[in-house]
Amino acid sequence: MKIRSKEQDEEKQQLNMTSMIDIVFLLLVFFVMTFKIVELEGDFSIRMPLSGGAGSPDLTDLPIKLRLKADNDGNLESMSLNEVTLGTDYDALRGRILGLIGTTAPSEDSLAEGPEIEIDTDYNLRYEAVINAITAVSGYKDGDQVVKLVEKIKFAKPRR
Amino acid sequence: MKVKRQKPDLAEGDLTPMIDMTFQLIAFFMVLINFAQTESNDQVVLPNSRLVKPPEQPLEFPIILHVGQSGSVFLGGDDYTTDTLKVGLNQEIRAIKFEGKQVEDANVIIRAHRNTAAGDVQEVIRVAQEAGLENFALRVKEDRSG
């Protein structure tokens, strides 16, 4: 009889463990699901008023022109910055931008007066290549910090 | 002795299913909230970028345009082309004006598929510009690999 009562005690203790494990599994499932679903997203801000394209208010500060050419499949064929061909290397584009605007990061006050870039892309170029080019011209990562280069971005008229 | 052993077991047996149910409910609602926050569309796979970070504050008066791989535009559950998008945008602009705000205050969030033709995105921007909108945000996925 004594032995039986001990076995019963052990069974009851195991029963308590299972409910705890249930909750732990539920928590685990919850965190796994949130980890998969939530993808962190961010924005590249572009300010493009319609009137700005027609008459440029400041002729002395012309935008840097970035031309993106695509092949028939929509892949990036070549890039050229101010008529200088750069191939398909985004790092070369970033280096060129660095050379144009200097290595000093723009201060908070000069953000509104910073350089502007105009992206002129072939119609069939894949959007991902445009985003890669925007990433290259808008800055680079130095460790965990983002060093900003060009923040004013606009598109040229679409090519049909 | 028997009475002492049974009492705590009974109390625990009552609590566990309730706690289970509570956790399930919490998990259910948390997952639902996350779905609402991502504003995602099944047909859109965003491109990646290492530079973007999630905004600290959500953009004011957002108009979210999903651009599919074929160039079709989704706005508020309706399917548009670049020719018909103006109708949908005008409805959004009317709603913004109804709240006493200017058209320029609105932010157009463009969520375009990574393989969409860049010209289609440009066309969407052009239509929005013609409707009087000025502020655009190209939404991309944060790439944490590099």
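The table for this structure:
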| read-out | value |
| --- | --- |
| Residue among B:R111, B:R50, B:R144 that alone is closer than 23 Å to A:L50 by Cβ and not aliphatic (A, V, I, L, M) | B:R111 |
| Boolean, B:L65 is in contact (Cβ under 8 Å) with a residue 24 or more places away in the chain, part of a strand (DSSP E or B) and within 9 Å of chain A (Cβ to nearest Cβ) | no |
| Residues within region A:117-145 that are within 7 Å of chain B (Cβ to nearest Cβ), in a strand (DSSP E or B) and surrounded by fewer than 16 Cβ atoms within 10 Å (Cβ to Cβ), tallied | 1 |
| Residue that is in contact with a strand residue (DSSP E or B) (Cβ under 8 Å, 6 or more places away or on another chain), aliphatic (A, V, I, L, M) and more than 8 Å from chain A (Cβ to nearest Cβ), where the choices are B:I110, B:I93 | B:I110 |
| Conditions (1) within 24 Å of B:A117 (Cβ to Cβ); (2) under 15 Å from the mean Cα position of the chain (by Cα); (3) among the hydrophobic types (A, V, I, L, M, F, W, C): number failed by B:L59 | (1) |
| Selection from region B:90-146 of residues that are within 26 Å of A:D71 (Cα to Cα), without any contact (Cβ under 8 Å) to a residue 40 or more places away in the chain and in contact with a helix residue (DSSP H, G or I) (Cβ under 6 Å, 6 or more places away or on another chain) | B:A118 |
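Here, each number is a calculation from the coordinates, and none is a lab measurement. Treat the numbers as computed from the prediction; the structure is a model and nothing was measured. So basically every Cβ, Gly included, is an ideal-geometry build from the backbone, and we count neighbours across all protein chains shown.
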